[in-house]
Every structure is written in structure tokens, then in C-alpha cells.
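Participant: Supplied in C-alpha cells, the structure appears directly below.
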Amino acid sequence: MKEYSIRIDADVWHHLQHHAEPFVDTPNTVLKRLLFGEKELNEKTSAALSIPSVNIQGLPKSLAQILEVVYEMEVNGYSRTQATNRVAKKRGTAPQTITDKYCRQLGKKAQEIDELLTDRGYAGFKDLLSSKYSDHRAIIDMYFDSMMSDSDDAEYLALEKN
């Protein structure tokens, strides 16, 4: 299929980002979904299903679950406990299973994780993940960069509504 390049303004870009699933969608796939009406989640759909999944070939499931929890906290504003419950529900597992991924497997207590997660930008937490999952350091960095961008977009859209 022939491809074209177009220029879009910042508002359109933010709208596309808002409707994109990180690490899955491209601007083209978002536009197709929005223009041609591929089924989007409606308000009655379970909120847990709207959590972006981390599905990268070769990425450990434990790391994917940790990243999903952090995303829920940063972008959607949930507490660590709420985010853990949402990810567990989406994945059809117990919250304790998810908690195990970011506590026991990282060698930290919940309070220590909470302290690492209070740092804007999550530098200490990223370092911890990078040391545990050193083969996936580039993905961790990319994910956090994308997540922080999504968070900024969410704040931008919230300000626009007010």
C-alpha cells in the first residue's frame, strides 16, 4: 500500500497519543481506528481492560507486570495498591502475585518500593529494574520515556478540559 507523509499540529498529535496503546500503535493505526471505527472500548467495558498491556517478545512477564503497575500509577493516577489490583484483575491473577514481582523479586519491601516510586522520573526505580533486568535496559528506558510522555499528555488534556 502506498504511504504518504502529512504534517499535523500539536493538538492532533496529543489526541493521537491519547488514543494510542504504547509500544503497539503507530499514528497510522490510531488514525485507522478513529476514522474507520474499529471497535474501541466503551464506558461500560471494564476499566481493567483499558490498561495498556506490555507485550514485547522476550520480555519477562514479571517485568511487564511491574511496568503496567507503574503506568497505572503515573498516567492514570492510581495508588500502588489500586494499580496492583487493576493489573491483577486484567491479567486474571491475584494481587499478591503482582506484588511479588515488585517486592520479593526485586528484593524490596512495599515501603521501599513506595519510596522509590515517589521520585518524579523514577530514576532510582529505573536503576533497580535495570540492575535486575539488565538485558532489557533499553526497553525499560524506552518504556519510562513513553510513559512520562503519556502522563504529560494526560495532564495537558485535563488542563484543556478545565
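Participant: Once phi is turned into ³J(HN,Hα) by the Karplus curve 6.51 cos²θ - 1.76 cosθ + 1.60 with θ = phi - 60°, what whole-Hz value does each residue of the range 104-109 show in order, with x for glycine and proline?
Facilitator: Along the range 104-109, the couplings run 4, 5, 9, x, 10, 8 Hz.
Participant: In addition: Going by a ≥ b ≥ c, the root eigenvalues of the Cα gyration tensor, does the range 57-133 fall in the rounded group (a/c under 1.5), the prolate group (a/b larger than b/c) or the oblate group? Please list the in-between numbers first.
Facilitator: On the way: a/c = 1.40, a/b = 1.14, b/c = 1.23.
It is rounded, given that a/c, with a ≥ b ≥ c, falls under 1.5.
Participant: Based on the mean of other Cβ atoms within 10 Å per residue, sort peptides 96-108, 5-17 so the most packed one is first. Write out the running numbers ahead of the final one.
Facilitator: Values: 96-108: 16.5, 5-17: 11.5.
Highest mean packing first, the order is 96-108, 5-17.
Participant: Apply the Karplus curve 6.51 cos²θ - 1.76 cosθ + 1.60, θ = phi - 60°, to the phi angles in the range 74-83 and return the couplings in whole Hz, x for Gly and Pro.
Facilitator: Result, ordered by residue: 6, 7, 9, x, 7, 6, 4, 5, 5, 4 Hz.
Participant: Something else about it: Tell me the net charge near LYS90. Cut-off is 15 Å between Cβ atoms, LYS90 excluded, with +1 for each Lys or Arg and -1 for each Asp or Glu. Can you show the working numbers first?
Facilitator: On the way: positive: LYS61, ARG86, LYS89, ARG91, LYS101; negative: GLU21, GLU68, GLU72.
For residues surrounding LYS90, the net value is +2.
Where a number appears in this text, it was derived from the coordinates with a stated rule and is not lab data. Quantities reported herein were computed from a predicted structural model and do not represent experimental measurements. As a convention, Cβ positions derive from the backbone with ideal geometry for all residues, glycine included, and neighbour counts pool all protein chains shown.
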